[in-house]
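Q: Let me give you the structure first, and then I'll get to my questions.
The values are calculated or read from the model by the stated rules, or taken from the named source; none is laboratory data. These numbers were taken from a predicted model, which means no experiment stands behind them. Backbone-built Cβ (ideal geometry, glycine too); neighbour counts: all protein chains shown. Areas reflect the complete protein model, heavy atoms only, side chains present, ligands, DNA and RNA absent. Shrake-Rupley method; radii C 1.70, N 1.55, O 1.52, S 1.80 Å.
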Amino acid sequence: MNFSGFPYLVFLAVAAGIFQGCPGRHRALYLLIVSYLVYCTWSIPGAALLFAVTVLTYAAPVLEERSKRGLTTTIVVVLLGCYLFAFKLALLTPTHGIGGLILPMGISYYTFRLISYVMDVRWGKIERERSFVQFAAYVAFFPQMVAGPIQRADDFFAQLPPKPRELAGAVGRIGWGLTKKLIAADNLGVAVSYVYGHTASLHGAPLWVALYLFPLQLYADFSGLTDIAIGSGLLFGICGPENFDRPFTASSITAYWRRWHMSLTTWLGDYVFTPLRMATRTAGNWGLAFSTSVNMIAIAIWHGLTGGYLVFGLLHAAFLSADVLTGRRRSKFFKKHPKWDRVATLSGWVLTMNMVAVALVYFHAHQITDANQLLAHLWSGSAPGWLDALGTRSLFRGAAAYVVLELCERYRPDIWWAQVRPAAPRWVRWSMASLAMVLGLTGICLLLSASGEHVRFLYEIF
Amino acid sequence: MANADTHQRIEVIFRDILDDETLVLRPEMTAGEVENWDSISHIDLMVGVEREFGLRFTTAEVAGLKNVGDLEALVEKKRAASGK
């Protein structure tokens, strides 16, 4: 079931309708059943595997309590890591899978949830969950299965039993996500796909267009998918964590990674970076550079075991290391010379956006040589008629939609409305809620009818 | 509630490492509320506190901290245990 497909939306409406009438004490069980039903539409063996790793992880803290040696958690974390890595590695084999199963849907996201749960119990951050139903519902929660966000166990369990939330907010969020995906990302994607499909024959301007548009396409696509996931979760009373905080306003590469795919970066920060940095804290700056680099390479390898992703990770490792190692010195300099601060912010933003764009060329190109070729031919002269070849209409439609997207995320009309809403008369509140619902549903129907049969999200494959 | 000495010494370290002379720590304060307090500076803060009090934290202890109050309580517990 695809998140931007009509069957998903119909299923979502029916399942959310039943949820509204479900008694509170049965809601976690209901979430579990619905989540496994959705998973079975993707793959029944995949659902069986999900159940098996859920049982294993649920049992780990119980066994740990009995043994008191602390080995069970370590063994389970290593097993879960190997489980994820084996499926990623199998993509490189001729069959692309293990036992006929190719990269089970959401494997990364549920494995991350499982690892964070056992580690948090081990570190004493949370109590072990007594109810298997609640635990299994957390692991399999379907809105977050395709591409996260990676919700932590304490945040999820604190919302149980889930209570129905305001419908307009949830539907509006799903409609907003679909709009970002189908109008901004997919229209920008036409030009980007053309350029990346013809890197050998293109020069100059079209390459610049793809260089700067792919980050925007990726953001609109991935953040749109996150909006749909969060909106879908709200329909079942669960509010997931935010994944983005206007990443393209960052004026340093460290700030960029604080704003991009936040649920993954904080996950890696807690379970990879912190243990490594603690172990290397006596090594000073070199320990910091080492821990940062391992963190970025882990992000790269998680995306896939290809040369392009590795170069992407290595570039970010170098950028981040340079940033964190010079940070204190720069900060002291700008304190002494405050008039240079604004120049530094602006030049930092330009530099950061270019570093992100260049690294993403290796992320998106099929081969490292394609990426090298794209970057090498940026300064060559362009062939006449290059703009028409990129698809002028979709390019301008996508660019206009992206500008609207950025403006909405900058000025947040939803937050403004949430602030003035309590003071508004009841009829205004009802009218606005109805308007949001009608606009959301109309937008969804129009977008679906215009979007063709099957639209894939860029981050579905990880 | 941590004693004034522990609180004050930790506050000085936070101000220095997070480069904010006006920072006032509260027990319920978390990383999300303070600019520049991220996963990178967090370990610098821990190293600073370790040096200041002559203590040594484990990864589990650092990972288990939820706010400033937890850190102060951990420092007091370790100081009491080591007599520092």
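Q: For the stretch B:64-80, which residues satisfy the criterion of being without any contact (Cβ under 8 Å) to a residue 60 or more places away in the chain and within 20 Å of residue A:123 (Cα to Cα)?
A: Within the stretch B:64-80, B:64, B:65, B:66, B:67, B:68, B:70, B:74, B:77, B:78 qualify.
Q: What about residue A:196, is it farther than 21 Å from residue A:412 by Cα and surrounded by fewer than 19 Cβ atoms within 10 Å (Cβ to Cβ)?
A: no
Q: Quick check, is residue A:73 β-branched (Val, Ile, Thr) and under 18 Å from residue A:132 (Cα atoms)?
A: The answer is yes for residue A:73.
Q: With the requirement that a residue be modelled with pLDDT under 90 and closer than 16 Å to residue A:357 by Cβ, what does the stretch A:186-203 give you?
A: Matches in the stretch A:186-203: A:199 only.
Q: On the basis of being farther than 20 Å from residue A:239 by Cβ and within 22 Å of the chain's Cα centre (by Cα), does residue A:71 make the cut?
A: no
Q: How many residues does the stretch B:8-22 hold that are surrounded by 17 or more Cβ atoms within 10 Å (Cβ to Cβ) and modelled with pLDDT under 90?
A: Residues in the stretch B:8-22 being surrounded by 17 or more Cβ atoms within 10 Å (Cβ to Cβ) and modelled with pLDDT under 90: 2 in total.
Q: If a residue must be over 19 Å from residue A:111 (Cβ atoms), open to solvent by 10 Å² or more (accessible area, probe 1.4 Å) and not in a helix (DSSP H, G or I), how many such residues does the stretch A:144-178 contain?
A: Going through the stretch A:144-178 one residue at a time, the tally reaches 8.
Q: Next question, about the same structure. List every residue pair whose Cβ atoms lie under 7 Å apart, where the two residues are 6 or more positions apart in sequence or sit on different chains, the first residue falls within the stretch A:1-24 and is under 22 Å from residue A:222 (Cβ atoms) and modelled with pLDDT under 80, and the second residue, located anywhere, is open to solvent by 70 Å² or more (accessible area, probe 1.4 Å) and not in a helix (DSSP H, G or I).
A: Every condition considered, the pairs that remain are A:2/A:454; A:5/A:454.
Q: Could you check the stretch A:295-310 and list, in sequence order, the residues that are open to solvent by 10 Å² or more (accessible area, probe 1.4 Å) and within 13 Å of chain B (Cβ to nearest Cβ)?
A: Answer for the stretch A:295-310, where residues must be open to solvent by 10 Å² or more (accessible area, probe 1.4 Å) and within 13 Å of chain B (Cβ to nearest Cβ): just A:295.
Q: Filter the stretch A:281-293 for residues that are within 13 Å of chain B (Cβ to nearest Cβ), closer than 13 Å to residue A:321 by Cα and free of Cβ contacts under 8 Å to residues at least 24 places away in the same chain and give the result.
A: A:284, A:287, A:290, A:291
Q: If only one of A:103, A:114 is outside any helix (DSSP H, G or I) and either under 19 Å from the mean Cα position of the chain (by Cα) or charged (D, E, K, R) (or both), which one is it?
A: A:103
Q: Still on this structure: Out of the stretch A:93-128, which residues are open to solvent by 30 Å² or more (accessible area, probe 1.4 Å), over 26 Å from residue A:231 (Cβ atoms) and more than 14 Å from chain B (Cβ to nearest Cβ)?
A: Of everything in the stretch A:93-128, those that are open to solvent by 30 Å² or more (accessible area, probe 1.4 Å), over 26 Å from residue A:231 (Cβ atoms) and more than 14 Å from chain B (Cβ to nearest Cβ) turn out to be A:93, A:94, A:95, A:96, A:98, A:99, A:100, A:102, A:128.
Q: Same structure, new question: Which residue, of A:226, A:282, is of a type in the set (S, T, N, Q) and open to solvent by 10 Å² or more (accessible area, probe 1.4 Å)?
A: Residue meeting the stated conditions: A:282.
Q: Where the second residue is part of a helix (DSSP H, G or I) and surrounded by fewer than 23 Cβ atoms within 10 Å (Cβ to Cβ) and the first is outside the structural domain of residue A:360 (by TED's automatic domain parsing) and of a type outside the set (S, T, N, Q) and lies in the stretch A:311-323, which pairs have Cβ atoms under 8 Å and are six or more apart or on separate chains?
A: none
Q: Further question on the same structure: Report yes if some residue within the stretch A:125-133 is in a helix (DSSP H, G or I), β-branched (Val, Ile, Thr) and within 22 Å of residue A:75 (Cα to Cα); otherwise report no.
A: Checked the stretch A:125-133: no residue is in a helix (DSSP H, G or I), β-branched (Val, Ile, Thr) and within 22 Å of residue A:75 (Cα to Cα).
Q: Next question. Residue A:181 passes all but one of (1) of a type in the set (D, E, K, R); (2) farther than 18 Å from residue A:397 by Cβ; (3) open to solvent by less than 10 Å² (accessible area, probe 1.4 Å); which number fails?
A: Of everything listed in (1) of a type in the set (D, E, K, R); (2) farther than 18 Å from residue A:397 by Cβ; (3) open to solvent by less than 10 Å² (accessible area, probe 1.4 Å), residue A:181 misses just condition (2).
Q: For the stretch B:44-56, which positions are under 11 Å from the mean Cα position of the chain (by Cα) and over 22 Å from residue A:328 (Cβ atoms)?
A: Residue satisfying the conditions is B:53 alone.
Q: Still on this structure, please answer the following. Are there helices (runs of 4 or more DSSP H) fully within chain B with at least 2 residues that are more than 14 Å from chain A (Cβ to nearest Cβ) and not acidic (Asp, Glu)? List them.
A: Result: B:4-17, B:68-82.
Q: Could you count how many residues in the stretch A:311-329 are within 11 Å of chain B (Cβ to nearest Cβ) and of a type in the set (Lys, Arg)?
A: 1
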